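The values are calculated or read from the model by the stated rules, or taken from the named source; none is laboratory data. What you see is a predicted model, and the numbers here were worked out from it, not measured in a lab. Here the Cβ positions follow ideal geometry from the backbone for every residue, glycine too, while neighbour counts run over all protein chains shown. Just so you know, the surface numbers come from the protein's heavy atoms only, side chains and all, with ligands and any DNA or RNA stripped out. Shrake-Rupley method; radii C 1.70, N 1.55, O 1.52, S 1.80 Å.
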Amino acid sequence: MNGVHDLGGMHGFGPVIREHNEPVFHSEWENRVFGMTLTAMGRGVCNVDEFRRAIERMPPARYLAATYYEKWLDGITRLFVEKGVVTEAQIQARPAFFAARPDAAATAALTGPLPERVPFNAGWVQDVVRETATRPRFAPGDPVITRNIHPRGHTRLPRYARGKRGVIHRLHGVHVFPDSNAHGLGEQPQPLYSVRFEAKELWGEDAQPNQWVHIDLWESYLEPGR
């Protein structure tokens, strides 16, 4: 999807400022959002591609103003409502309850039955490699060109890398295809490659010389180079 989240190569946002000695979490609530999200994936509530797609659906102005874990919170909250884990009314009621009763126990405002607890399976979080009989179309060293596509839904092919020429660097094996997995259309696994691009191919003559960018791309994103 061509959305506000796809910022690679765009101008006007200023430099990326690196925080010296940046902590893993800046606040306790970030830690809790991280744990809540991985637990949701580990219990099969959603997969990582659905989660990314949920974040992409944030309103553009809100997305640009949000911090990293505010985006996580927005995405997982949206999925909890869509998956029936909680209702929108329950989400609205809890902050109002604790605003009026800041010393109340964390479980005090819970209403209605909790969903059935599915056993946690850590493998569900990052289980993306599949053993299939699929034969890769490309091999290391093959020239390729990325497709110039503009899908309406989720994709892992960024805009700045579409219609660009590169070379297959390595094969990662067969992986779940995020473009289908994010929309409940099945895993549709296919070969995943590391593709090497010359910086000038991506950024033009302003790119620094002798620089390369490696991007992991699924086979259906690629065509043979000529």
Hits in the stretch 166-195 (condition: under 19 Å from I55 (Cα atoms) and of a type outside the set (F, W, Y)): P178, D179, S180, N181, A182, H183, G184, L185
Filter result for G141 (within 20 Å of the chain's Cα centre (by Cα), small (G, A, S) and more than 14 Å from L217 (Cβ to Cβ)): no
Residue in the stretch 199-212 that is open to solvent by 30 Å² or more (accessible area, probe 1.4 Å), at pLDDT 95 or above and under 22 Å from F51 (Cα atoms) present: no
Residue, farthest from the chain's Cα centre (by Cα), within the stretch 25-35, restricted to residues that are open to solvent by 70 Å² or more (accessible area, probe 1.4 Å) and more than 14 Å from T67 (Cβ to Cβ): E28
Given (1) buried (at least 18 other Cβ atoms within 10 Å of the Cβ); (2) assigned to a loop (DSSP other than H, G, I, E, B); (3) not aromatic (F, W, Y), index of the condition L192 fails: (2)
Residue match in the stretch 172-189 (condition: open to solvent by less than 70 Å² (accessible area, probe 1.4 Å), under 17 Å from G225 (Cα atoms), at pLDDT 95 or above and of a type in the set (D, E, K, R)): no
Every pair of residues 6+ apart whose Cβ atoms lie under 8 Å, when the first sits in the stretch 34-46 and is touching a residue at least 40 places away in the same chain (Cβ under 8 Å) and over 19 Å from P178 (Cβ atoms) while the second is open to solvent by less than 10 Å² (accessible area, probe 1.4 Å) and among the β-branched types (V, I, T): M36/I76
Long-range neighbours under 8 Å by Cβ, at least six apart or interchain, first residue under 27 Å from T155 (Cβ atoms) within the stretch 1-30, second of a type in the set (K, R) and open to solvent by 70 Å² or more (accessible area, probe 1.4 Å): M1/R152; N2/R159; D6/R159; G8/R159; G9/R159
From G225, G163, residue being modelled with pLDDT under 95, of a type in the set (G, A, S), more than 20 Å from E50 (Cβ to Cβ) and out of contact with any helix residue (DSSP H, G or I) (no Cβ under 8 Å at 6 or more places or on another chain): G225
Selection status of V129, under 15 Å from D49 (Cα atoms), surrounded by fewer than 16 Cβ atoms within 10 Å (Cβ to Cβ) and of a type in the set (V, I, T): yes
Qualifying residue in the stretch 116-127 (condition: within 30 Å of Q90 (Cβ to Cβ) and modelled with pLDDT of 95 or more): no
Residue pairs meeting the criteria (Cβ under 6 Å; at least 6 apart or on separate chains; first free of Cβ contacts under 8 Å to residues at least 24 places away in the same chain, in the stretch 175-196; second surrounded by fewer than 17 Cβ atoms within 10 Å (Cβ to Cβ)): S180/G186; S180/Q188
In the stretch 46-89, the residues that are in contact with a His (Cβ under 9 Å, 6 or more places away or on another chain), open to solvent by less than 60 Å² (accessible area, probe 1.4 Å) and assigned to a helix (DSSP H, G or I): D49, E50, R53, I55, E56, Y63, Y69, K71
